[in-house]
Structures are given as C-alpha cells and as structure tokens.
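Values in this text are rule-based calculations from the coordinates and carry no lab data. None of these values were measured; they are calculated from a predicted model. Using ideal geometry, Cβ is built from the backbone for each residue, glycine included, and neighbour counts are taken over all protein chains shown.
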C-alpha cells in the first residue's frame, strides 16, 4: 500500500501553528512514516492544480492562507478533486466585546469567513467535545484532537526552583484583562511573606492608534510600557504596586529586562515573554497555576491547555468551574476538608471570595499543593501525551482514505 500524502498548512510560525498543525504532524511522520508522507508548507502555490492533486489530505487551521475568500474557493476545488479537506479550529470564531480583536473581526466579517470555511470543509478537527458540539451546528463531520504535550520536549522538563514561599503563577497572553479582574487578592496581603505571585509573559511591544479629534487623522505610534495591558495585569497581582518594596517598585516602573538581584524575596515576580518553543519553562517558577475565565461563549469553547500544561509539570491548579476546565478537573474541597480530586474550582458566583480563599488554604496546607499536582499529572499524562493523540490521528486519517 502506498503512503498517504498529507499537506499541512499552518496558520502561523510561532503560536497556534505549533500545537495545532506542526507538532502533531511532525509526530505523525515520525511515528507512522511507513503509512504517511507529510509536507508542511506555509505558503503553498494556490494556482498550481498539479501541486494539490498529489495529496490525498489537506489539513489547515481556519484558512489556507490569509485570504479567506480565496481559501474558500480552493477548499471547494479540492473537494471536487476528491482531496479530503480537514479544517482545524481551536477558538470560537467570534470573540466577546471585551476581546482586543473583537472589532477587527466584526468589521472585516472574519467570523463569517471562518464559519464559511467550516461549512465547506469535508471534516473539521477541534480541541474539545464542548466545542465540537457547537461546530456540529455548521458541519456534522467533527473529530476531536485535543491539544497535547510531547513529554520529552525540553520546555516541559525544566526542574522547579525551590522556595520557602507558596508561588502562585499565571501564564497567558494579552487578551485576558477581564479574566484576571475576577481575582480579588486584597485579603492575601497578610501572607506576603509566605506567598509570591508570578506573572509570566510580560510584554511591552505593540502600537496604539491616536485619532486627531479635529482632523480625524489616524496616527500609529509604539505603545508606552505603562499603557500596556501587562501593566494593568501587574497592578492586579501587586494591588497597584503596594505589596512590593519601594526599590522593587522603582525597578518595575523602569520596565527593563535587566535582572533585579533580590526579586525572589519579593511577594511578586515579573517574568518577560518567551517564544512558544520555551514559554512552558515558566511553570518551573511557581507551584500553583491560576486559570480564571469569565463565563461567555468564547471562553467556554477554549481548550483545556492550561490544565494540560500544569498537569505535565505536576502543578496544583485553581480554575474557574466552567467550560474547558470541567472536562478533566474535579474539585477537591468539601466542607473545608480536602477530598479526592485534582483541582480547586471557583464557581462564578464566588469569584469575589474563593480565589483568595483557596490560595490561603494552600498557603496553610503546602502538602496539598504537591498532592494536587500529582493527581493532576495522573489525569493528563496519558490522555494528552502527543504520542497517544497522534495514534488517534493516524487511525482517523487512514479511515478517511479507506
């Protein structure tokens, strides 16, 4: 039997492309090279009919290239040629109004273009059964391939630093201000000698557009560090920079990446952004991972990647009790006592109190931190191992050709 030829068209070179397109198909080639020939091409020749005809499966993320309309026509052409199209999607197509790119998507009707591709693709792959159920309203042929971890990837093997404090970390991007605003950490001031918050991903890059109110002229400029959303994140974890020492406050307000010699003695640590190939090393800097999300459609359809990453690092997790975090997490507190479970889950009606309550509980019960981390590891280590998820992908692709 000849090899099944698969073309993969990632959506980017740095972010989602790694988890949803590149790594899964590199593993497919490496583990099942006798059955598959995989090409990963970021900019395929759109108009070369002979190029497309050599493949039996074309897998892409949301669109084949940045031009959605062109991609839509190409998907239809591939379908007519008998080439099986698999459209992957990991985020709901319409972010809420609070999301930084909501207006860009709405004005350019990108959500409509994404759903048009989902409807015309032969199959759709996604991250969770929750999202799959929503996608089935557009296309019945949906398969779930969760985000998965290569346990041998160096960034998931970084040893955790020792500390006398309980270190509580958050790792994410620039679109989570309203999620982090759920945290009420004021009550934890009394524990600042026993507790340290670690904010990972800090980034001052970007631009702002200024509008001249008299002429209507739009002018772009580099964003100033104190204007970034990361500066606002920092205020949440430091109570407006009041919990840190005066010297460290002065250092933070310089927004320099030079090392501050005594930062590990502070109740807060800033960790600058890292590339997607090494960002997970940040999990080695803390003991408890926070995963707060507001209850809306975009968040409910997200993947459980934070759970998976924390689990592979054997970290305890405190998460919102909704959407993707209900898939694998089981609350481990009952009437104030620890019971079987692998996480602490915060009901949205208790955002005002339970984040700080659960952190305080773990400060007073450090052994439970290790126990929760071990239990979470047992939950995710096989289910989200990229070797096992790749086995399922190989079987699915073979079934399409049969």
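Overview of results
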| item | result |
| --- | --- |
| Cα long-axis angle, helix 68-81 against the chain (0 to 90 degrees, to the nearest 10) | 40 |
| Most fluctuating residue given options 337, 147, 347, as computed from a GNM of the chain linking Cα atoms under 10 Å | 337 |
| Over the chain: helical MRE at 222 nm, DSSP H runs n ≥ 4 each giving -39500 (n - 2.57), nearest 500 | -9000 deg cm²/dmol |
| Global form of segment 163-203, assessed from the alpha-carbon gyration tensor, a/c cut-off 1.5 | oblate |
| Value of Rg to Rh for the chain (Rh from inverse mean 1/r over Cα pairs, i.e. Kirkwood) | 0.99 |
| Two-decimal ratio, segment 85-223, of alpha-carbon radius of gyration to 2.2 N^0.38 Å | 1.47 |
| Cα gyration tensor, segment 19-73 - rounded (a/c under 1.5), prolate or oblate | oblate |
| Using alpha-carbon coordinates, inclination of helix 386-401 to the longest axis of the chain, degrees | 20 |
| Alpha carbon Rg of segment 154-380, scaled by the compact-globule rule 2.2 N^0.38 Å | 1.05 |
| Shape category assigned to segment 251-402 from the gyration tensor of Cα positions, a/c cut at 1.5 | oblate |
| Principal-axis tilt of helix 229-238 within the chain, Cα atoms, nearest 10 degrees | 40 |
| Mean-position separation - Cα centroids, segment 4-47 and segment 175-198, in angstrom | 40 |
| Backbone N under 17 Å from the residue 13 label point (7 Å along Cα→Cβ), restricted to segment 52-94 | 65-66 |
| Pairs of alpha carbons in segment 245-296 whose separation is greater than 16 Å (percent) | 56 |
| Ranked list, fewest to most other Cβ atoms within 10 Å of each Cβ, for 322, 74 | 322, 74 |
| Between segment 50-114 and segment 266-281, the alpha-carbon center distance in angstrom | 32 |
| 37 °C / 0.692 mPa s Stokes-Einstein diffusion coefficient of segment 1-128, Kirkwood radius on C-alpha pairs, µm²/s | 215 |
